[in-house]
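K.L.:
Take this structure first; my questions come after.
The values are calculated or read from the model by the stated rules, or taken from the named source; none is laboratory data. The shown structure was predicted, so the numbers you read here are calculated from the model rather than taken from an experiment. Here the Cβ positions follow ideal geometry from the backbone for every residue, glycine too, while neighbour counts run over all protein chains shown. To get the accessible areas, we keep the full protein, side chains included, count just its heavy atoms, and leave off ligands, DNA and RNA. Shrake-Rupley method; radii C 1.70, N 1.55, O 1.52, S 1.80 Å.
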Amino acid sequence: MKNKYLYINTMGCQMNVYDSSQIQNHLAPLGYKPTKELSQADLIIVNTCTIRAKAEQKAFSFLGRLAPLKKANPQLIVAMGGCVAQQEGKRVLSRMPYVDLVFGTQAIARLPKLIRRIANERCRLVDTELSLELKPEDIIAGPFPKSDTSAFITIMRGCDNYCTYCVVPYVRGRESSRRPEDIVTEIRQLTDKAVREVTLLGQNVNSYGQKEGLCTFDQLLERINDIDALERIRFTTCHPKDLSRPLMESFNRLGKLCQHIHLPVQSGSDAILKRMNRHYTRQQYLDKIVQLRQTCPDIAISSDIIAGFPGETEADFLETVSLIKEVGFDGLFAFIYSDRPNAPSVRFDGKISEQVKKQRLQTVLKIQEQVSRQKNEALVGTMQQILIDGPSRSDGVKDNSNMAIPGGTGLQWCGRTKSNKIVHFKTQIDLDSGNQILTGSLMDIMIEKALPHSLWGRQA
Ligand code: SAH
Ligand code: SF4
Ligand code: F3S
């Protein structure tokens, strides 16, 4: 079989990262090998995201840049997958004349068939079928082909929560969970390779298995915690309304579970939370934070905020600001509200101007920067166990804030604490032997300096 090359551009969330590795798995038997060179590709797949308007524009603009490649090589197959593909379906074919295939979020297992047909018949195809009730055994899986230290595992698909701003239920379908035994088998296969850390993915992992009567999420975690070669377990995302006591207790009970929870609050105003259909109040959210910290004092908590939801008054926004200050999140992702097709909030009145939305975003980011800095500074002088991801990008690597980390010459490495903070550190081990020895191992690091978005330390 002749070698063919597959270039995948993955946009959006970790679900898409997982799906892209599944796409790679499904196309390997057809002879497709991954490439990082666009010009070498025989097949280009763009795995898209539509969570905000900007994400959708990014997908179309990347596809737009492929036109000359297709002109130069008419045999090239160009495919759009993921959430924009699911949302737009066949409209993509008329908008983008050189796109050969549009495939939705549940079509990955059918990709080999679709690609073969296109290669043989040079036809243009659309497969955006969305089954409303995926059975646990129908959720595709399979081990990753690569040998990273850390891997994502989708444990459930879809979402039933219908937050009024969100497009996910429409492009990913109804919530359905995979069987626990399939998940455990997949993780065992990964740890047989080099994986030491898994991040379990779902839009609301706390309702894992409930609909299907499988097991609860904390019971699933317990089974995964028993996998010998695994060192660390993470998960994302948790909906505050479903955060249960047994899950909170898991952070203490299960040695491999990292003490970090991402608990998106979206807004600090009860009126806005109601319009968002979030099913909790500000006070209920704050109570869960108190319970979490009582159960597990060292837990790191991060969150998401939407700035400028329709109808958000200055007073509503100030409630969000005060909530952020009160909680003191370890990390915060803040987004400007974006109208999405299908999402009910598109029809809400009280839309906020772009200028005000941007101002509110900046205010939130500024406050969080101070909080993050204080949190990082509190770690200086402590010993942290980190899981090593690999060498830092280059000597004199920069923190996201563009601030050089100290250290002069020598090798810099990068890893994460249990609470998911990035730590740069130096070691004497040289890159060639060290790359194999250090990557994937645990090391105790003394934290010496706080940077705005990461930490600097030395091997203890
Ligand atoms: N299932 C996850 C969130 C997935 S989307 C959860 O509920 O926690 C990731 C984040 O994108 C959301 O938490 C929200 O803050 C943001 N988001 C979703 N839709 C958005 C929109 N229309 N405009 C702006 N931000 C949005
Ligand atoms: Fe979207 Fe809400 Fe589902 Fe998260 S819980 S994916 S924000 S609908
Ligand atoms: Fe993820 Fe974006 Fe789809 S956030 S689920 S890739 S819309």
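K.L.:
Please return the ranges of strands (runs of 3 or more DSSP E) entirely within the range 260-339 where 2 or more residues are surrounded by fewer than 21 Cβ atoms within 10 Å (Cβ to Cβ). Break it down into steps so the answer makes sense when it comes.
P.N.:
On the way: elements: 260-262, 300-307, 331-336.
Output list reads 300-307, 331-336.
K.L.:
If Arg110 satisfies every condition in (1) within 16 Å of ligand 1 (Cβ to nearest atom); (2) touching a strand residue (DSSP E or B) at 6+ places or on another chain (Cβ under 7 Å); (3) modelled with pLDDT under 95 but one, which is the exception?
P.N.:
Tallying (1) within 16 Å of ligand 1 (Cβ to nearest atom); (2) touching a strand residue (DSSP E or B) at 6+ places or on another chain (Cβ under 7 Å); (3) modelled with pLDDT under 95, Arg110 fails exactly one: (1).
K.L.:
Hey, does the range 3-23 have a residue that's at positive phi, open to solvent by 20 Å² or more (accessible area, probe 1.4 Å) and not assigned by TED's automatic domain parsing to the domain that holds Gly158? Before the answer, list the steps.
P.N.:
From the range 3-23, those at positive phi are 12; that's our starting set.
From what's left, open to solvent by 20 Å² or more (accessible area, probe 1.4 Å): 12.
So of that shortlist, the ones also not assigned by TED's automatic domain parsing to the domain that holds Gly158 come out as 12.
Yes, there is a match, as at least one residue in the range 3-23 is at positive phi, open to solvent by 20 Å² or more (accessible area, probe 1.4 Å) and not assigned by TED's automatic domain parsing to the domain that holds Gly158.
K.L.:
Mind listing whichever residues of the range 199-231 are outside any helix (DSSP H, G or I), in contact with a Leu (Cβ under 9 Å, 6 or more places away or on another chain) and within 17 Å of Arg157 (Cα to Cα)?
P.N.:
Leu200, Tyr208, Gly209, Leu214, Thr216
K.L.:
What are the pairs, 6+ residues apart or on separate chains, where a residue within the range 366-379 that is in a helix (DSSP H, G or I) has its Cβ under 6 Å from a residue that is modelled with pLDDT under 90?
P.N.:
Going by the 6 Å Cβ cut-off, the qualifying pairs are Arg373/Pro452.
K.L.:
Quick one: count up the residues across the range 235-259 that are of a type in the set (Ser, Thr, Tyr), closer than 16 Å to Cys296 by Cβ and assigned to a loop (DSSP other than H, G, I, E, B). Walk me through how you get there before you give the answer.
P.N.:
Filtering the range 235-259 down to residues of a type in the set (Ser, Thr, Tyr) leaves 236-237, 244, 250.
Next cut, closer than 16 Å to Cys296 by Cβ only: 244, 250.
Okay, now just the ones that are also assigned to a loop (DSSP other than H, G, I, E, B), so 244.
Adding up the residues that qualify gives 1.
K.L.:
Might you let me know whether the range 370-393 holds any residue that is more than 16 Å from ligand 2 (Cβ to nearest atom), at pLDDT 90 or above, open to solvent by 60 Å² or more (accessible area, probe 1.4 Å) and under 30 Å from Ala229 (Cβ atoms)?
P.N.:
Yes, the range 370-393 contains a residue that is more than 16 Å from ligand 2 (Cβ to nearest atom), at pLDDT 90 or above, open to solvent by 60 Å² or more (accessible area, probe 1.4 Å) and under 30 Å from Ala229 (Cβ atoms).
K.L.:
Another one. Consider the range 326-356. How many of its residues are of a type in the set (D, E, K, R) and closer than 26 Å to Gln283 by Cβ?
P.N.:
So in the range 326-356, the residues of a type in the set (D, E, K, R) come out as 326, 330, 339-340, 347, 349, 351, 354.
After this cut, where a residue has to be closer than 26 Å to Gln283 by Cβ as well, the list is 326, 330.
Of the residues in the range 326-356, 2 are of a type in the set (D, E, K, R) and closer than 26 Å to Gln283 by Cβ.
K.L.:
If the requirement is being over 22 Å from Lys421 (Cβ atoms) and within 16 Å of ligand 1 (Cβ to nearest atom), which of these qualifies: Gly213, Gly202, Gly209? I'd like the intermediate steps shown before the answer.
P.N.:
Values: Gly213 fails: within 16 Å of ligand 1 (Cβ to nearest atom); Gly209 fails: within 16 Å of ligand 1 (Cβ to nearest atom).
Unique residue meeting the criteria: Gly202.
K.L.:
Test Val346 against the criterion of being without any contact (Cβ under 8 Å) to a residue 12 or more places away in the chain and open to solvent by less than 70 Å² (accessible area, probe 1.4 Å), and give yes or no.
P.N.:
Numbers: without any contact (Cβ under 8 Å) to a residue 12 or more places away in the chain: yes; open to solvent by less than 70 Å² (accessible area, probe 1.4 Å): yes.
So Val346 fits the description; yes.
K.L.:
Would a scan of the range 310-330 turn up a residue that is modelled with pLDDT of 95 or more, within 16 Å of Tyr165 (Cβ to Cβ), within 16 Å of ligand 3 (Cβ to nearest atom) and among the β-branched types (Val, Ile, Thr)?
P.N.:
Looking for residues that are modelled with pLDDT of 95 or more, within 16 Å of Tyr165 (Cβ to Cβ), within 16 Å of ligand 3 (Cβ to nearest atom) and among the β-branched types (Val, Ile, Thr), one finds none in the range 310-330, hence no.
K.L.:
So, Gly89, is that one open to solvent by less than 20 Å² (accessible area, probe 1.4 Å) and away from ligand 1 (no atom under 16 Å from the Cβ) or not?
P.N.:
Details: open to solvent by less than 20 Å² (accessible area, probe 1.4 Å): yes; away from ligand 1 (no atom under 16 Å from the Cβ): yes.
Yes; evaluated as a whole, the condition is true for this residue.
K.L.:
Looking at the range 156-172, I want the residues that are touching a residue at least 60 places away in the same chain (Cβ under 8 Å) and have a partner that is hydroxyl-bearing (Ser, Thr, Tyr) and near ligand 1 (Cβ under 9 Å from one of its atoms) with Cβ atoms under 6 Å, at least 6 apart or on another chain. Which pairs are those?
P.N.:
Thr164/Ser345; Tyr165/Ser345
K.L.:
Which residues, taken from the range 149-207, are under 30 Å from Pro391 (Cα atoms), surrounded by fewer than 21 Cβ atoms within 10 Å (Cβ to Cβ) and within 13 Å of ligand 2 (Cβ to nearest atom)?
P.N.:
Result: no residue meets the conditions.
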